[in-house]
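Enquirer: The structure that follows is given in the form of structure tokens.
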Amino acid sequence: MLEYERKERQKTSSEVSPVTASHSLIQVGYQYLLCMALTHQPSFRLGRDDEIATRTKLKTKAEPPRENRRLGYARVSTYGQTLDAQLEQLRAERCGRIYREKVTGAHNDRRGLLKMLKHLAPSDVVTVTRIDRLARSTFDLFAIVKQIVDAKAQFRSLAEPWADTGTSTGRLMLAVLGGLADVERDLIRIRTAEGRSRAQKRGQRMGRKPKLTEAQQAEARQRRAEGATLAELARSYGVGKSTISRLSS
């Protein structure tokens, strides 16, 4: 009897029910997943659009707001004049950088002005003491101010309070300047055409002075007809072969 009970206990202890085995496997699985979650990074990745949006958002937050730069421009026409008065006024307006030059306003290749326009950035403020320091004509003034506005910068003149593109009045005046510049351009074109017409009626030749006189031109044509080469005629009159070739045509 005792031997039979001992064998039954051994048989019961050696057999495991399917339910118990399933519970054990589930517990082991949960423990494995918990360990993976604690020791590994997530395996998913953001889409490219989400990554770009995230980077842009972080970059935007990281960049500090840009401060407005105050730029000044001072000019005098001749070297005998001084820039001291203009520089004093521009410094009083807290202009951090002042572009200066001594050149007449009629020149289009003002290096100081071109350098300032090239380095303009949005929100910059360009200040002059008077409008005539920036340009001598309405057409030039409109072209320069428009370039400043196109760069998303601001223009202002100390002597002319209305000349401030940061105000509604200044923007209105910019539109008026554009109309006046068109009128001035048309007037220049009309005056030029009238002057050319009057000169032609007086018998004046338009363009630069010819290198050969009328007598030399007639002589060169005759020699060319007699067989002289272009090179010989060019050396004889001290001109280029193209000049003689135009006479022949």
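The values are calculated or read from the model by the stated rules, or taken from the named source; none is laboratory data. Since the structure is predicted, the reported quantities are computational estimates derived from the model, not experimental observations. Positions of Cβ are generated from backbone atoms using ideal geometry, with glycine treated the same way; all protein chains shown enter the neighbour counts.
Enquirer: How many residues does segment 112-133 contain that are without any contact (Cβ under 8 Å) to a residue 60 or more places away in the chain, closer than 12 Å to Leu158 by Cβ and of a type in the set (D, E, K, R)?
Expert: 1
Enquirer: For segment 72-95, what are the residues that are among the hydrophobic types (A, V, I, L, M, F, W, C) and either outside the structural domain of Thr165 (by TED's automatic domain parsing) or part of a helix (DSSP H, G or I) (or both)?
Expert: Within segment 72-95, Ala85, Leu87, Leu90, Ala92 qualify.
Enquirer: Touching a Pro at 6+ places or on another chain (Cβ under 9 Å), surrounded by 16 or more Cβ atoms within 10 Å (Cβ to Cβ) and either more than 30 Å from Arg208 (Cα to Cα) or not polar (S, T, N, Q) (or both), is that true of Ala135?
Expert: Here the answer is no, as Ala135 does not meet what is asked.
Enquirer: In segment 96-151, what residues are at pLDDT below 90, in a helix (DSSP H, G or I) and polar (S, T, N, Q)?
Expert: If the condition is that a residue be at pLDDT below 90, in a helix (DSSP H, G or I) and polar (S, T, N, Q), then Thr138 is the only one that fits.
One line per residue, one yes/no per condition, for (1) touching a helix residue (DSSP H, G or I) at 6+ places or on another chain (Cβ under 6 Å); (2) farther than 27 Å from Ala85 by Cα; (3) assigned by TED's automatic domain parsing to the domain that holds Cys95; (4) surrounded by 16 or more Cβ atoms within 10 Å (Cβ to Cβ):
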| residue | (1), (2), (3), (4) |
| --- | --- |
| Ala159 | no, no, yes, no |
| Trp162 | yes, no, yes, no |
| Thr165 | yes, no, yes, yes |
| Val176 | no, yes, yes, no |
| Gly179 | no, yes, yes, no |
| Thr192 | no, yes, no, no |
| Gly195 | no, yes, no, no |
| Arg198 | no, yes, no, no |
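Enquirer: List every residue pair whose Cβ atoms lie under 6 Å apart, where the two residues are 6 or more positions apart in sequence or sit on different chains, the first residue falls within segment 164-185 and is without any contact (Cβ under 8 Å) to a residue 60 or more places away in the chain, and the second residue, located anywhere, is of a type in the set (Asp, Glu).
Expert: Qualifying pairs under 6 Å: Gly170/Asp164.
Results for (1) modelled with pLDDT under 85; (2) more than 45 Å from the chain's Cα centre (by Cα), shown as yes or no for each residue.
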site	(1), (2)
Arg205	yes, no
Arg208	yes, no
Leu230	no, yes
Arg235	no, yes
Leu247	yes, yes
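Enquirer: Now a separate question. Taking the condition in a helix (DSSP H, G or I), within 12 Å of Arg70 (Cβ to Cβ) and charged (D, E, K, R), does Arg156 pass?
Expert: Taking the combined requirement at face value, the residue does not satisfy it.
Enquirer: Only one of (1) outside the structural domain of Leu134 (by TED's automatic domain parsing); (2) modelled with pLDDT of 85 or more is not met by Leu172, so which one is it?
Expert: Unmet condition: (1).
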